[in-house]
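The values are calculated or read from the model by the stated rules, or taken from the named source; none is laboratory data. Since the structure is predicted, the reported quantities are computational estimates derived from the model, not experimental observations. A quick note on method: Cβ atoms are made from the backbone with ideal geometry, for glycine too, and the neighbour counts reach across all protein chains shown. In case anyone asks, the SASA skips ligands and DNA or RNA and just uses the protein heavy atoms, side chains included. Shrake-Rupley method; radii C 1.70, N 1.55, O 1.52, S 1.80 Å.
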Amino acid sequence: MKKRGCSSKNAIASISVACCTILASVATFAECRDILEQGIRNTYQSLRTSSMRSAFTEGFCNKSIQKVQNSSGGGISIGFPVDGIPVDIGGNYSQAGGNSLQQELCANKSGDMNDAQYEKLLSSVADPNIVEAWKQCEGSSGGLLLTGKLNGSTLVLSISFRNVGAISSTNLTDDATYDGLQCKTPWLNGMKVDGSTRYLQCKRIGTDPVTVTVNSSFNGAMFYIPPPPQWAWVESDKKKLEPDPAPPDPCIPHTVTMNTCIQKSNSKNRCPADDHAATGSQCSCTAPPGFTPFSDGAVIPLQVTGVIQVGCTVGVPGVLPAPK
């Protein structure tokens, strides 16, 4: 009698097909996610982080949602800092909505986002045209994949075909169109696109929006870069992003102003006065260590430099002790 189980050839074949299908799906989602990530990099050219996921998770989950303003005179929006750069999410969210999104996506105590949370954050930042290209990619099991990387004014476009069943290639049905670009050897009608990636180098024209469209016998694809963002922190909220200044180390000499009782007949003889004493009022010095007692003193606010706070074991010669 033959044993039934995973050792049969049919079972092994089924498992292999299932595994290959899952791996293909994961790869497809990663390729599509790259449209969002690279689209944001192309938009925010100042971003230099090597890990978008870490930088965006850190900036969005560990910082406050703040107001940003278009420096060219536009309206107020909201955003969060990534490497100190204001990243806008205000197109679809109010301040309350941004805070709610932060609570939703940053609920994981480990400080990381799953793929769905990360993609939701990216899609809230990316230009709507980039989001539409991403959705088109995820909505299909394969077909044309059009991406590009901008470095300064140089844009390198790439195009390839992701297999759909037995279909492994397609041909362009029109010349590719380029707006905001000057490209070398443009992609022309009839060009075959398969699993081998083809590259095209272009120069961006000024800071105009960039749009590239291709159509093929299977489907089409679009690539887009918006004008460079001009977001800046609203001044009233800017300080919220800056760390609180550290208090001065009590054991490092620094300058402060303190009320001092100075003897009228000998100005070198002085002692700390009551902080609440009025300037010019009568005061006396009883017998603090190192001071001669006197009763004919007057209160003067005096700037002194040195170690003057309690808690330091080493004093500075000639500096008054802290008032008790």
Separation in nanometres of the label points that stand 7 Å from Cα toward Cβ, at Asn129 and Lys184: 2.5 nm
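Just how many pairs of Lys in the range 44-173 have C-alpha atoms closer than 20 Å, counting pairs that are eight or more places apart or on different chains? Numbers along the way, then the final one.
On the way: Lys63/Lys109; Lys63/Lys120; Lys109/Lys120; Lys120/Lys135; Lys135/Lys149.
Step by step, the pairs that qualify in the range 44-173 add up to 5.
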Label-point gap, in nm, between Ser64 and Asp175 - each point 7 angstrom along Cα→Cβ: 5.5 nm
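Sorting Lys268, Lys135, Lys67 by accessible area (1.4 Å probe), largest first, what list results?
The ranking, largest first, comes out as Lys268, Lys135, Lys67.
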FRET efficiency for Ala277 and Ile205, using Cβ-Cβ distance with R0 set to 56 Å, rounded to 0.05: 0.20
Selected from Ala133, Gly180, Asn163, residue furthest toward positive end of dipole (the range 114-199; charges at beta carbon): Asn163
Accessible surface, the range 99-179, averaged per residue in Å² (probe 1.4 Å): 48 Å²
